[in-house]
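Novice: Below is one structure. I have some questions about it.
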Amino acid sequence: MGGSPTRRICAVLCATFGLLLGAPVSHAESPRDRSLTVSGDVHAALDLTTSELRAYPSRTELVTFVTGAGPQTHVYEGAPLEALVTAARPIVADAAKHPLLTVALVAIGGDGYAATLSWADVAPALARRPALVAWMQDGVWLDAPRLVVPGDAGGARYVQGLTELRVVQLAPK
């Protein structure tokens, strides 16, 4: 997004209010069907195409994070990460008081970049702004899904070209 900071903020706000109010969004081209795998310590691994990913309930988030080039503000649309992980049915210790609190997630991009999240970053009951897997940024289709962690002030856990979500059970099973 180029231009002055004021122009960028106006563009983001227009996109945000357009999405929230149901205004038409420029979907110049639907993304190619890519694959996103949910694997690891799960009962039912998933291999989702972009089309299947978009069938999950969606959420829209206005986020700002700071990069080396300065702050960036974007509107993302995507599926709550919790929905994808729970669909794969993580392996948990059934007797534990909070069994999912021992689950970690490793998000891996096609370029090998990886970031780790705890269940507290994912679950709406624990996170003010839970993570999501975005398919759209500022009303434009992404080439591949992106992990978005709205509470991440530096954007370090945003994973572009997301190809795998690996579920890891950290406690004895």
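The values are calculated or read from the model by the stated rules, or taken from the named source; none is laboratory data. Predicted model, so just to flag it, every value in this text is computed and none were measured. Here the Cβ is made from the backbone with ideal geometry for all residues, glycine too, and neighbour counts use every protein chain on show.
Novice: I'd like to know if region 93-115 contains one or more residues that are closer than 20 Å to Glu61 by Cα, assigned to a helix (DSSP H, G or I), aliphatic (A, V, I, L, M) and without any contact (Cβ under 8 Å) to a residue 60 or more places away in the chain.
Specialist: no
Novice: Let me ask you something else. Could you list, in sequence order, the residues of region 79-101 that are within 20 Å of the chain's Cα centre (by Cα) and either of a type in the set (Phe, Trp, Tyr) or farther than 13 Å from Leu36 by Cα (or both)?
Specialist: Listed by number, the residues that qualify are Pro80, Glu82, Ala83, Thr86, Ala87, Arg89, Pro90, Leu100, Leu101.
Novice: Does Glu77 satisfy the criteria of being in a helix (DSSP H, G or I) and either within 21 Å of Gly109 (Cα to Cα) or at pLDDT 95 or above (or both)?
Specialist: The answer is no for Glu77.
Novice: State the number of residues belonging to region 99-115 that are under 19 Å from Val168 (Cα atoms) and either of a type in the set (D, E, K, R) or surrounded by fewer than 13 Cβ atoms within 10 Å (Cβ to Cβ) (or both).
Specialist: Residues flagged as under 19 Å from Val168 (Cα atoms) and either of a type in the set (D, E, K, R) or surrounded by fewer than 13 Cβ atoms within 10 Å (Cβ to Cβ) (or both) within region 99-115 amount to 1.
Novice: Something else: I need the full set of residues from region 33-59 which are assigned to a strand (DSSP E or B) and out of contact with any Pro (no Cβ under 6 Å at 6 or more places or on another chain), in order please.
Specialist: Hits for region 33-59 are Ser35, Thr37, Val38, Ser39, Gly40, Leu46, Asp47, Leu48, Thr49.
Novice: Those residues that are farther than 16 Å from Asp47 by Cβ, surrounded by fewer than 16 Cβ atoms within 10 Å (Cβ to Cβ) and in contact (Cβ under 8 Å) with a residue 40 or more places away in the chain, I need them from region 71-90; list them, please.
Specialist: Scanning region 71-90 gives a single hit, Gln72.
Novice: Just for region 126-173: of the residues that are of a type in the set (Asp, Glu) and under 20 Å from Leu53 (Cα atoms), which one is surrounded by the most Cβ atoms within 10 Å (Cβ to Cβ)?
Specialist: Top of the filtered list is Asp138.
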